[in-house]
1. Which residues does a label at D73 reach in segment 94-113, if reach means a backbone N under 18 Å from a point 7 Å past the Cα toward the Cβ?
2. If I stretch the segment between S201 and S160 completely, what's the gain in nm (0.36 nm per residue apart, minus their alpha carbon distance), one decimal?
3. Taking amide H positions as placed 1.01 Å from N in the peptide plane, with prolines and chain starts having none, which residues 5 or more places from F141, or on another chain, fall under 5 Å of its amide H?
4. Quick check for you: with a 1.4 Å probe and neighbouring chains kept, what is the accessible area per residue of the chain, in Å²?
5. Please give the contour-minus-distance gain from R167 to H8: 0.36 nm per residue of separation, less the Cα-Cα distance, rounded to one decimal in nm.
6. Could you work out what % of the accessible surface of segment 101-258 is carbon and sulfur, using a 1.4 angstrom probe and leaving DNA, RNA and ligands out of the count?
7. Picking from V155, L246, S170, whose Cα lies most toward the positive end of the charge dipole for segment 148-258 (charges on Cβ: Lys, Arg +1; Asp, Glu -1)?
8. Considering only DSSP beta bridges where both residues belong to segment 2-250, give the percentage that are antiparallel (nearest 5).
Amino acid sequence: MKVIQVDHYKQMSEKASDMLFESIKGEKNLVLGLATGGTPVKTYEILTTRINSEKVDMSTVQTINLDEYIGLDAKHLNSYHQYMEDHFFKHVPISPDQTHLPNGVANDLDAECKRYEELIDTIGGVDIQLLGIGSNGHIGFNEPGTPFHETTHVVELAKSTREANARFFSSDEEVPTHAITMGIATIMKSKQVVLLASGKSKADALKQLIEGEVTESCPATVLQNHPNLMIIADHEALSKLSKSTLEQIEANNYISST
Ligand code: PGA
């Protein structure tokens with residue numbers, strides 16, 4: 001596990017966008033796993049500027065998102081389709097057939113989950129999966145208690161997740177109760193995982209992820225078993241780590257026990 005400690009949100013976003021930019025520029029047929037939420041907003045903004053200023057060719061890139069709300073169609077203001085359009089897709093040279101998200105209004109949701117999982121395999125698997133982390137330790141919408149073996153599936157959102165996401169909706173009641181998400185097993189198949197975290201509200205979850213035992217009650221802890229995990233987090237998000245873990249991070253960016 002590699003942990004890069006940065007001072008603040010902007011620096012986290014710069015580091016993440018640098019990394020993504022180099023991959024987009026350097027790798028043919030890149031499959032980028034993308035995340036939504038408040039955390040990656042600035043990352044997409046910086047990445048967009050660099051792609052355009054250096055006129056980077058994205059014609060062989062495919063993107064695949066972690067999740068989508070059930071009941072919101074692609075054009076809904078709060079759908080993750082729309083988030084991706086607003087923050088990234090409409091600003092860069094990428095066509096709709098290169099971008100993939102689960103369909104939250106599919107008639108047959110189980111068939112949609114199967115289609116999505118197969119799609120990931122068909123396009124060659126995810127090369128780099130960008131992740132945020134919920135303050136309850138969720139990744140994607142895999143809430144505490146999700147079995148680690150699950151692939152893409154339908155989830156009921158935790159109360160804390162609906163409350164956290166209510167800030168994007170005009171009322172609490174409008175926050176969907178269910179979503180389609182890549183499963184933990186899907187995420188673990190990615191060749192590299194880059195998890196971003198900023199702010200005090202993520203400190204407990206990050207402590208669990210970095211120092212805690214691997215347990216389904218904190219889904220992010222499964223990432224301790226991922227062979228290529230990079231965490232980019234600011235001081236506040238890392239503020240609950242023990243002194244010795246922080247010393248290791250400050251010395252060499254690596255947590256040696258994993
Ligand atoms: P946030 O969400 O980026 O809006 O904090 C992260 C997550 O829930 O995974």
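The values are calculated or read from the model by the stated rules, or taken from the named source; none is laboratory data. Please read all numbers here as calculations on a predicted model, not as lab measurements. Glycine also receives a Cβ, built like all others from the backbone with ideal geometry; neighbour counts cover every protein chain displayed. Heads up: the accessible areas ignore ligands, DNA and RNA and are worked out on the full protein's heavy atoms, side chains in. Shrake-Rupley method; radii C 1.70, N 1.55, O 1.52, S 1.80 Å.
1. Only 101-109 pass the distance filter.
2. Working: separation 41, 0.36 × 41 = 14.76 nm, distance 1.21 nm.
Stretched fully, the S201-S160 segment lengthens by 13.5 nm.
3. The list, which skips near neighbours in sequence, is M182.
4. Details: 11390 Å² over 258 residues.
In whole numbers, the chain has 44 Å² accessible per residue.
5. Working: separation 159, 0.36 × 159 = 57.24 nm, distance 2.16 nm.
The span from R167 to H8 would gain 55.1 nm if fully extended.
6. Working: 3480 of 7050 Å².
C and S atoms contribute 49 percent here.
7. Among V155, L246, S170, the one farthest towards the positive end of the dipole of segment 148-258 is L246.
8. Working: 9 of 31 bridges.
Of all bridge pairs located within segment 2-250, approximately 30 percent are antiparallel.
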